[in-house]
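First the structure, in the form of structure tokens, and then the observations on it.
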Amino acid sequence: MRQVARAARASERALYSTARAYEARAPLVVAEGNAAVAAGSHPAVAARGFGFAAAGAFATAAAFTPTAVALCAEGEEAAPAGAEGSAPSSGSAHPTVVFVLGGPGAGKGTQCSNIVNDFGFVHLSAGDLLRAHMKSGSEDGNMVAEMIKNGQIVPSVVTVRLLLDAMKASGKERFLIDGFPRNKENRDAWEVTAGYDCDFVLFFDCPEDVMERRLLGRGETSGRTDDNIESIKKRFKTFVESSMPVVDYYAGLKKVRSVNSDQSPDEVYAQTKGHFAAFV
Ligand SMILES: Nc1ncnc2c1ncn2[C@@H]1O[C@H](COP(=O)(O)OP(=O)(O)O)[C@@H](O)[C@H]1O
Ligand SMILES: Nc1ccn([C@@H]2O[C@H](COP(=O)(O)OP(=O)(O)O)[C@@H](O)[C@H]2O)c(=O)n1
């Protein structure tokens, strides 16, 4: 099984190189520095001219994606990572990546800080990276700002590049990737561009009314354009329609480690850290 998975990964790498080669023929996608993962699924982006090269590139990405997903289902990461507290085997060819998911206000950022302190992970929040990108005067800053305010998911071509650049810049090997992947396009883009899947998903489960109360509380000081009731409702809708299917997908692979986050921060952390016992 391991040999099969290794051989499959080698062929995935070969496909990935082909995707890279394709990239050279897709100028607008290259302008964002990403592989054959395009913004084509996002009408707002197409309307803003992101989608021009995307149509062809997206078709290519779609052709690669089933391979990556099949590997994810069969590969050797899937089985061991499902075990509570297990760490990836030593000599792993890629960094340890934990995707941290949960609704807006579920407490992802709060708990990530605790894990960083105790288990030596680097915390990368996709939302924080996007907000910094939006303020950096980048060409697509206005589009990102508008999408965040509307609770929409920014095209993966932007987010995956920000995440991979931040990982590289850190020089570290263990990452909590918070608020990502937020939809299927995010997930597929990650697998095609990074070339490997997460080790497991840490999922914070919290009722909507609790999250709403927390977000309105956070909004009193956060200065965030989306911590208001109108944006919050839109974010909840996006979470249910686009993000929960990703959690369900990983649950099907037995990669989800779930925590009830409708408790005090200390109680939530007591549960959370149990999932990281192998990383002490
Ligand atoms: N377990 C908890 N109980 C009560 N409030 C919490 C809890 N966890 C986080 N908070 C607060 O709720 C708000 C949202 O938490 P945060 O960690 O930013 O969530 P997320 O990153 O999932 O959006 C913050 O103001 C935070 O201080
Ligand atoms: N993978 C991601 C993560 C965040 N985002 C955007 O950033 C916003 C804020 O995300 P966040 O993770 O910082 O905040 P929460 O909604 O979890 O509190 C989302 O509502 C999206 O608009 C995105 O487009 N793609």
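The values are calculated or read from the model by the stated rules, or taken from the named source; none is laboratory data. Everything numeric in this text was worked out from a predicted model, so none of it was measured. Ideal geometry is used to build each Cβ from the backbone, glycine not excepted, and the neighbour counts take in all protein chains shown. When the accessible area is computed, the model is the full protein with side chains, heavy atoms only, and any ligands, DNA or RNA have been set aside. Shrake-Rupley method; radii C 1.70, N 1.55, O 1.52, S 1.80 Å.
Here are the numbers for this structure:
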item	result
10 Å beta-carbon shell around Lys234, net charge (K/R +1, D/E -1)	+2
Charge tally in the Cβ shell below 12 Å around Lys149, where Lys, Arg are +1 and Asp, Glu are -1, Lys149 excluded	0
Neighbourhood charge, 9 Å Cβ-Cβ cut-off, centred on Asn260 and excluding it, Lys, Arg +1 and Asp, Glu -1	-3
Amide proton proximity set for Gly102, modelled H, under 5 Å, gap of 5+	Phe204
Whole-number D in µm² s⁻¹ for the stretch 124-232, Kirkwood Cα-pair radius fed into Stokes-Einstein, 37 °C, 0.692 mPa s	217 µm²/s
Partner lysines for Lys233 [C-alpha distance under 20 Å; skip if fewer than 8 residues away on the same chain]	Lys108, Lys149
In order through the stretch 157-168: 3J(HN,Hα) via Karplus (6.51 cos²θ - 1.76 cosθ + 1.60), integer Hz, x for Gly, Pro	4, 7, 5, 5, 5, 4, 5, 5, 5, 5, 4, 4
Accessible surface of Glu208 - all protein chains present, 1.4 Å probe, nearest 10 Å²	90 Å²
Rough spin-label spacing in nm, given labels placed 7 Å along Cα→Cβ, for His94 and Asp118	2.7 nm
